[in-house]
1. What is the order of 47, 152, 168, fewest Cβ neighbours within 10 Å to most?
2. If neighbour count is taken as other Cβ atoms inside 10 Å, put 9, 81, 42, 71 in order from fewest to most.
3. Equivalent ellipsoid semi-axes for the stretch 4-112, as square roots of 5 times the alpha carbon gyration tensor eigenvalues: give them largest first, rounded to whole Å.
4. Tell me the label-point distance for the pair residue 77, residue 216, using the 7 Å Cα-to-Cβ offset, in nm and rounded to one decimal.
5. Ranked highest first by average number of other Cβ atoms within 10 Å, how do 238-249, 10-21 line up?
6. Sort 233, 256 so that the residue with the fewest other Cβ atoms within 10 Å of its own Cβ comes first and the one with the most comes last.
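Computed from the coordinates by the stated procedures, all read-outs in this text should not be read as laboratory data. Keep in mind that this is a model prediction, so the values were computed, not measured. Heads up, the Cβs are rebuilt from the backbone with ideal geometry, glycines too, and the neighbour counts pull from every protein chain shown.
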Amino acid sequence: MVDSTRIALLGFGRIEHAAFDAFFRVASRRCPAYAQESDFRLADFVIVDATDAVACAAVREAGLVARTVALGQPALAGALLQLARPLNLMQVVRALDQVVAASTAAAEIAEREGLFVVTPESDPPAAPDDAPVRRRRGLHMEHILVVDDSEIALRFMATHLQRFGFQIHLAKSGEEALRRVAERRFAFVFLDVRMEGLDGFQTCKAIKRADYPPGLAAPTVVMLTCLAGPADKLRATMAGADAYLTKPLREVELLKVVGEREIALHAYAETAASSTMR
């Protein structure tokens, strides 16, 4: 089981809580991994709504200000970090990564110097970026398909995507991708734009227009290219692509794409549940 850094939330409204919930579902797959902690006193770090005076007072009374990331204004004196609004999950995850990296470095220095550091019931430091990805117990592994006619590009993409806990499948042509999509349900399809035979635009259009069983939508299609010209972006949009990213892929961009899908699914599920007739 992969250990997660435990994060608690204090003082946020329903909409922002929903965004954070989607983030934590994604962040539990990555490395370093984050998990939401319901009791802020037991969390490794706390994210607090700086506009909520009661929440800020609770953090101060518990003596946790030094482990708190404050979001918004006014400034929380002594906070580990102060982030601006509006809520930007990419900004939050970058901040958490920096905090965890600093904590891990401090622990490594202490161990190297023969010091004994006591922390209040905290989990072990998050795994470094090059640590092998292990499947988290009880976590459903979503399947994703990476399509590129370059073997090197395929392996590069697989290495980055595996860190998010996905089950990776590879295809070397648009034609092969269409066969694979017809055989298995994929959450995502990452498509290189320029391939021999069916290119990425043609493949994307075919995937989006295919017939799927009732209740199942087409996979989220992410177009990948070394170039990012407006003409290619327009063609990708017209082909039905959900996102358009440049290579080499950056983790924060991937997290944004995956996180936005999780938020959309969460919102859809809530809407469907509230509208179901009983």
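1. Numbers: 47 25, 152 8, 168 18.
Lowest count first: 152, 168, 47.
2. Details: 9 21, 81 16, 42 12, 71 28.
Ranking 9, 81, 42, 71 by Cβ neighbours within 10 Å, fewest first, gives 42, 81, 9, 71.
3. On the way: eigenvalues 88, 60, 32 Å².
Equivalent ellipsoid semi-axes, largest first: 21, 17, 13 Å.
4. Reported label-point gap for residue 77 and residue 216 is 5.9 nm.
5. On the way: 238-249: 17.2, 10-21: 15.3.
Ranking the peptides 238-249, 10-21 by packing returns 238-249, 10-21.
6. Working: 233 15, 256 18.
Going from sparsest to densest Cβ surroundings: 233, 256.
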